[in-house]
Amino acid sequence: MWSANSISAADVSASGLAAERLRMEIASNNIANARSTRSLDGGPYRRQQVVFAAEVERQTASDRSADASLGGVRVVDVVADESPLPQVHNPGHPDADENGMVTMPNVQLPHEMVDLVTASRAYEANLKALQIYRQMNEQSLSLLQQLR
């Protein structure tokens, strides 16, 4: 039981690190494309969002303490934000329609900055948890060596 729980603690933090890193990459990509009126799909860039889900590990039949335990987080998908695309009047723009309106990406820089900051803080929290876990294991090994 000790080894299963100790490995799980490191795995939970590691999954959080990977998921938050991806969320920071997606937010950075959104910022980079905030003015892109042409994408591979042919229209303006659509903001991307990361969808997370909790990992649940089923307990073995011999461990009847709980039906399931948390096993970290996983990225389910990266989806396009389907909110309306804003239109601005800019008749000189190459993508302007006959009325001089340009359809712009639905990226809002303040929203992306909040996403970056929250993802960064969550990344730091997972890193700190992993560091504390490592310190606890080192202290445990040190105590066991002193008992010999």
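The values are calculated or read from the model by the stated rules, or taken from the named source; none is laboratory data. Computed from a predicted structure; not experimentally measured. Quick reminder, even Gly has a Cβ in these numbers, built from the backbone with ideal geometry, and neighbours come from all protein chains shown.
Condition check for residue 123 on (1) assigned to a helix (DSSP H, G or I); (2) within 13 Å of residue 30 (Cβ to Cβ); (3) in contact (Cβ under 8 Å) with a residue 60 or more places away in the chain: one failure, at (2). Pairs under 9 Å by beta carbon, first residue at negative phi in the stretch 135-148, partner surrounded by 10 or more Cβ atoms within 10 Å (Cβ to Cβ) and among the acidic types (Asp, Glu), six or more apart or different chains? Within 9 Å, no pair qualifies. Looking only at strands (runs of 3 or more DSSP E) that fall completely inside the stretch 1-116, which ones have 1 or more residues that are modelled with pLDDT of 90 or more and surrounded by fewer than 11 Cβ atoms within 10 Å (Cβ to Cβ)? Where strands (runs of 3 or more DSSP E) fall fully within the stretch 1-116 and carry at least 1 residues being modelled with pLDDT of 90 or more and surrounded by fewer than 11 Cβ atoms within 10 Å (Cβ to Cβ), they are 48-58, 68-80, 87-89.
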